[in-house]
1. I need the full set of residues from segment 142-160 which are buried (at least 21 other Cβ atoms within 10 Å of the Cβ) and in a helix (DSSP H, G or I), in order please.
2. When you check Val92 against the structure, is it in a loop (DSSP other than H, G, I, E, B) and in contact with a helix residue (DSSP H, G or I) (Cβ under 7 Å, 6 or more places away or on another chain), yes or no?
3. So, in segment 95-120, exactly how many residues are open to solvent by 50 Å² or more (accessible area, probe 1.4 Å), assigned to a helix (DSSP H, G or I) and not β-branched (Val, Ile, Thr)?
4. Taking only segment 31-84 into account, find how many residues are without any contact (Cβ under 8 Å) to a residue 12 or more places away in the chain and assigned to a loop (DSSP other than H, G, I, E, B).
5. Val20 - would you say it is farther than 24 Å from Ser138 by Cβ, hydrophobic (A, V, I, L, M, F, W, C), free of Cβ contacts under 8 Å to residues at least 60 places away in the same chain and part of a loop (DSSP other than H, G, I, E, B)?
6. In the set Leu95, Leu128, Leu85, Leu99, which member is within 14 Å of the chain's Cα centre (by Cα) and more than 30 Å from Ala6 (Cβ to Cβ)?
7. Name the residue that is surrounded by the fewest Cβ atoms within 10 Å (Cβ to Cβ), counting only residues in segment 1-17 that are in a strand (DSSP E or B) and of a type in the set (A, V, I, L, M, F, W, C).
8. Determine the pairs where a residue that is of a type in the set (D, E, K, R), located within segment 135-160, has a partner that is part of a helix (DSSP H, G or I) and open to solvent by less than 30 Å² (accessible area, probe 1.4 Å) with Cβ atoms under 9 Å apart, the partner being 6 or more residues away or on another chain.
Amino acid sequence: MTDPGAPRLPLRIVWNGSSVQREVSPDATLQQLLHDELDDVSVKKGCGEGVCGSCTVLVDGTPVASCIRLALQADGREVTTASGLLSHDPSVGTLVDHLVAREAFQCGYCAPGVLVSAASVLAERRPLSPDDVRVALSGHICRCSGYQQMVEAVVARRVA
């Protein structure tokens, strides 16, 4: 929770390809900025401690837990969320197709964060073994599904 009496500081980011300027509380997290202020519902709040992966976004192309990163740490950077990937990168649609075909998710709460990490490792354009994918997705906790289907989908997308 941010301090309502704290001074607000200027912030500029490129969010899903669009330039955004806001004034934020110094203690506001990137997750709060994206979800609460910018209405990006693909950035979930899970654990609030950086261990579940549901808030994962890309900052300058690197997956980060947005719940433990201050919004001001993203000042001047490019932030991409699952919704941004889906609307700007056609290859992500193919990844989603592979995930759906393998019934990789049940409730889907972890899906946006998993999608961000999977897209990031696929963007490296290198050969990926199932173990490479497991490492890339290791920061995600899924409480209702098996991880194997996620791994199979990413590997299948890589060879497609």
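The values are calculated or read from the model by the stated rules, or taken from the named source; none is laboratory data. Not measured: the values here are computed from a predicted model. Virtual Cβ from ideal backbone geometry, glycine too; neighbours counted across all protein chains shown. We work out accessible area using only protein heavy atoms, side chains counted, and drop any ligands, DNA or RNA first. Shrake-Rupley method; radii C 1.70, N 1.55, O 1.52, S 1.80 Å.
1. Met150, Val151, Ala153, Val154, Arg157
2. no
3. 2
4. Selection size over segment 31-84: 1.
5. no
6. Leu85
7. My answer is Leu9.
8. Close Cβ pairs (under 9 Å, with a partner that is part of a helix (DSSP H, G or I) and open to solvent by less than 30 Å² (accessible area, probe 1.4 Å)) amount to Glu152/Val133; Arg157/Leu95; Arg157/Leu99; Arg157/Ala118; Arg157/Leu122; Arg158/Val121; Arg158/Leu122; Arg158/Val133.
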